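What follows is a short report on a single structure.
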Amino acid sequence: MGPWGRRVTGGDRVVTTVLVVAAHPDDELLGAGGTLARHVHCGDEVHAVVVADGATSRYGEGMADVLAKSAQRAADVLGLASVDLLSLPDQKLDTVSVLEVTRAVEAVVARVRPAVVYTHFPGDVNVDHGQVARAAWTACRPYVLPRLRRFAVFETPSSTEWAWPLEGSTFAPTLFVDITSTVDDKLDAMACYESELRDYPHPRSLRALRERAACWGSRVGRPAAEAFQVLREVT
């Protein structure tokens, strides 16, 4: 056993366990889908937890099941080891006790024991995103998860860029992941969420997502990238 994961039998490489903590179905892909695919391609074990059902505030009966199936198909496309759907009420996480949300995330963290965690930028305009980010941060506190190597937050297109323009609400990336080889995997997985896609130029259109990856990539001299703000890193 290495300090950040388990050692591959017969080899020198340590497998990193990765967890993405998302508020709604498709959030696990919008900000980090290419990065998760890259982890999978490198042989890492990647898990996802989706806290809210994504349906009850916007759709009629039956859509929660549709989104759950879409989440599983997307996970299969990326090759995720697991996806947990906690099905808390959509757009109402601020009406659920912080303790309940945190304990739900803690249960997944306790089972997966990730070395790397990705979640939402806490200053998003979407309240659910902020609640989930804070729950994940609490669930991954150092003496609960002492082997955590990195905790980083991602942008969520159509949410992060529309945040209220106050101090602390501006996404300031410090980590860029080259997803040139996996941007197509991200878009293939996003295509599983037919109900969540929008027509261009909406930020959640497939074309806009590809252009966003190209924009971040141009910041660091790569054809495509995803951006993260690192909140904690131990080396």
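Bear in mind these aren't lab numbers, they're just calculated from the coordinates by the rules spelled out. Not measured: the values here are computed from a predicted model. So basically every Cβ, Gly included, is an ideal-geometry build from the backbone, and we count neighbours across all protein chains shown.
Points to keep in mind about this one:
- Considering helices alone, the calculated mean residue ellipticity of the chain at 222 nm is -10500 deg cm²/dmol, with DSSP H runs of length four and up weighted by -39500 (n - 2.57) and normalised per residue.
- Per residue, the average separation of C-alpha pairs within less than 8 Å and at least 6 apart gives the chain a relative contact order of 22 percent.
- When each of the peptides 162-174, 72-84 is scored by how many other beta carbons lie within 10 Å of its residues on average, the order from highest to lowest is 72-84, 162-174.
- Charging the Cβ of each Asp and Glu at -1 and of each Lys and Arg at +1, and nothing else, the dipole of segment 62-174 about its Cα centre rounds to 620 debye.
- As a proxy for reagent exposure, ranking M63, M190 by other Cβ atoms within 10 Å from fewest up yields M63, M190.
- When each of the peptides 205-218, 113-126 is scored by how many other beta carbons lie within 10 Å of its residues on average, the order from highest to lowest is 113-126, 205-218.
- Gyration tensor (alpha-carbon) shape descriptor, segment 55-173, a/c threshold 1.5: rounded
- Formal net charge of residues neighbouring V132 (Cβ-Cβ distance under 10 Å; K, R +1; D, E -1): -2
- Gyration tensor verdict on segment 15-233 (Cα atoms; rounded if a/c is under 1.5, prolate if a/b is larger than b/c, oblate otherwise): rounded
- Segment 19-94 and segment 138-189: distance between their alpha carbon centers, rounded to Å: 15 Å
- Most fluctuating residue given options T17, T138, T160, as computed from a GNM of the chain linking Cα atoms under 10 Å: T138
- Each Cα pair under 8 Å and six or more residues apart adds its sequence gap; the mean of these over the residue count of segment 151-234 is a relative contact order of 43 percent.
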